[in-house]
Amino acid sequence: MPIHALTMLAAGIGIPVLAALNARLGGYIGSPAAAAFILFIVALSAATVVMFVTDPRPVARAVDAPKYLFLAGLFVAFYVLSITYVAPQFGVGRAIFFVLVGQLISAAIIDHFGLFGARQMPLSASRAGGLAMMAIGVWLAQRG
């Protein structure tokens, strides 16, 4: 379990770094869309290497997967494009604040209803209070 927590902590640390770097790349080359495209090429290359190092055989089963599962790629594209466009004008911290609040809301809904095969965790009053406290904490951290 600790390795999962540490992995997700590292992923969480990486999200604002990704936002800042890609926003800067978009400004540097003059196109947030081109910066997102380059990010996806680098990400595809990294994922390809990891896939071949681990086991590439499961990719063949993707053709039989429910098609709605591929919408995840659109969510990733939307996130990268939106953060690359928004962060330079809005600020990385502010942009990530709204991303985090959105994540708290959607995670609570997904867990409450067990959507997409997630483990069901009903939204109790204490859990809702904890999520609200987290959102307030993130908001306080972003106040000028």
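Any read-out appearing in this document is the output of simple, stated calculations on the displayed coordinates, not a laboratory observation. The structure presented is a predicted model; accordingly, all values stated were derived computationally and were not measured. We place every Cβ from the backbone using ideal geometry, glycine too, and count neighbours over all the protein chains shown.
Below is a table of values for the structure above.
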quantity	calculated
Distance in nm between pseudo-label sites at residue 123 and residue 50 (7 Å out along the Cβ direction from Cα)	3.0
Value of relative contact order over the chain, rounded to a whole percent, pairs C-alpha under 8 Å and six or more apart	23
Where trypsin sites (Lys or Arg not before Pro) in DSSP loops with at most 15 other Cβ within 10 Å are excluded, longest remaining stretch of the chain	1-118
Of 97, 136, 51, farthest towards positive along the dipole that unit charges on Lys, Arg, Asp, Glu beta carbons give the chain	136
Sequence-separation-based contact order of segment 91-144, relative, with Cα cut under 8 Å and 6+ spacing, percent	35
Gyration tensor verdict on the chain (Cα atoms; rounded if a/c is under 1.5, prolate if a/b is larger than b/c, oblate otherwise)	oblate
Under the span-like rule (Cα at least 20 Å along the axis, Kyte-Doolittle mean at least 1.6), DSSP H helices of the chain	32-54, 71-90, 92-113
Neighbour-count ranking [beta-carbon atoms within 10 angstrom, fewest first] of 105, 15	105, 15
Computed magnitude of the charge dipole of the chain (debye, nearest 20; Cβ of K, R +1, Cβ of D, E -1)	140
